[in-house]
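Quick one: the structure is below, and I'll ask about it shortly.
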């Protein structure tokens, strides 16, 4: 796009071209204050922000009041967020608040900390990328599907690097996906040959936001460059195993030539579940359908008499690996959910203690 007046302005865009919809209009009217305007967070990199709105495209920083009011890191702006900003100058905007999020992409923060880590917000579609070569893993795919569905995001599976397998091997991989009860659309593609890219282009509708998810080295950055038609993101040569090398280190929202919006995220080694019970139920819909026939409403599907899930498992109507994966993910999210509730309770108690100490000092 051509550069407009001032360093902080590019060619004007309507908010709808950045993903704005009536859903945000209804909510923004009640939260934006006079002097503030909506802008979308395009890049987050180590606490630095780039935002874009109508006649606005510049770096941004948090206001002191907003920074002080934030209780935890998930409340901070993330890529894809809509924020209320004031223009400090043509080259700087001040972020005063994060507008309500329509959808969220989040995971448990890696390591022992029990808290959410925001990956992106306000996505319409999650393109879950798995390589046909060494990265393919149905159990990991199930985890990604749970995270996407919990956040209200429509998932699509993109099988990359189809040039590294035979057509029969590709059919076998898709068969494994379907055998696991996963019914989401599957899009095979190759950055090397271009196969499948036309089908992907047809999915990328103007004004909608798509997110690329997947492990390091599955070809996400190369795919972004192919879609942009230029080398916008750094890529590195494949390793000796045939897999790519991780290159993306920040999250950013890109505007494609056809008007679609695309969020590229760094590869993730960990995808822990927290607060994902609804996404788990949606992703394992066949288990939930069977559970309606259980004798007890609080059946855990492990040992209770009259359990319809166990009956289907014994009859071979429910895949054993699928059943085990369901229970593994269910135990994980329940454990983390309980730990999170306890942590929030302790944080609130500590907050009340600090406030009482400050109050006593003022007396």
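Only residues in the range 297-309 that are closer than 15 Å to residue 331 by Cα and assigned by TED's automatic domain parsing to the domain that holds residue 320 count as the first member; pair them with residues that are at pLDDT 85 or above and not in a loop (DSSP other than H, G, I, E, B), Cβ under 7 angstrom, at least 6 apart or cross-chain, and list the lot.
299/291; 301/291; 301/309; 301/310
Taking the criterion of being closer than 24 Å to residue 176 by Cβ and loosely packed, with under 11 Cβ neighbours inside 10 Å, would at least one residue in the range 317-325 satisfy it?
Yes: one or more hits.
Run residue 259 past the list (1) out of contact with any helix residue (DSSP H, G or I) (no Cβ under 6 Å at 6 or more places or on another chain); (2) modelled with pLDDT of 90 or more; (3) buried (at least 16 other Cβ atoms within 10 Å of the Cβ) and report the number of the one that doesn't hold.
(3)
Inspect all residues belonging to the range 53-70 and state whether any of them is touching a strand residue (DSSP E or B) at 6+ places or on another chain (Cβ under 8 Å) and within 17 Å of residue 207 (Cα to Cα).
yes
Mind listing whichever residues of the range 297-312 are within 32 Å of the chain's Cα centre (by Cα) and part of a helix (DSSP H, G or I)?
309
Also, quick follow-up: Limited to the range 283-296, what total is found for residues that are assigned to a loop (DSSP other than H, G, I, E, B), more than 16 Å from residue 143 (Cα to Cα) and in contact (Cβ under 8 Å) with a residue 12 or more places away in the chain?
So the answer is 4.
To continue, here is another question. From the list 329, 313, pick out the single residue that is modelled with pLDDT of 80 or more, closer than 30 Å to residue 71 by Cβ and crowded, with 18+ Cβ neighbours inside 10 Å.
Result: 329 is the single residue among 329, 313 that is modelled with pLDDT of 80 or more, closer than 30 Å to residue 71 by Cβ and crowded, with 18+ Cβ neighbours inside 10 Å.
Is at least one residue of the range 100-113 more than 20 Å from residue 211 (Cα to Cα), crowded, with 17+ Cβ neighbours inside 10 Å and at pLDDT below 95?
Checked against the condition, which is being more than 20 Å from residue 211 (Cα to Cα), crowded, with 17+ Cβ neighbours inside 10 Å and at pLDDT below 95, the range 100-113 yields no hits at all.
Kindly provide the set of residues from the range 236-256 that are modelled with pLDDT of 80 or more and assigned to a loop (DSSP other than H, G, I, E, B), ordered by number.
The answer is 256, and nothing else.
The values are calculated or read from the model by the stated rules, or taken from the named source; none is laboratory data. As the structure is a computational prediction, the values presented were derived from the model and not from experiment. No Cβ is skipped: glycine too gets one built from the backbone with ideal geometry, and neighbour counts run over all protein chains shown.
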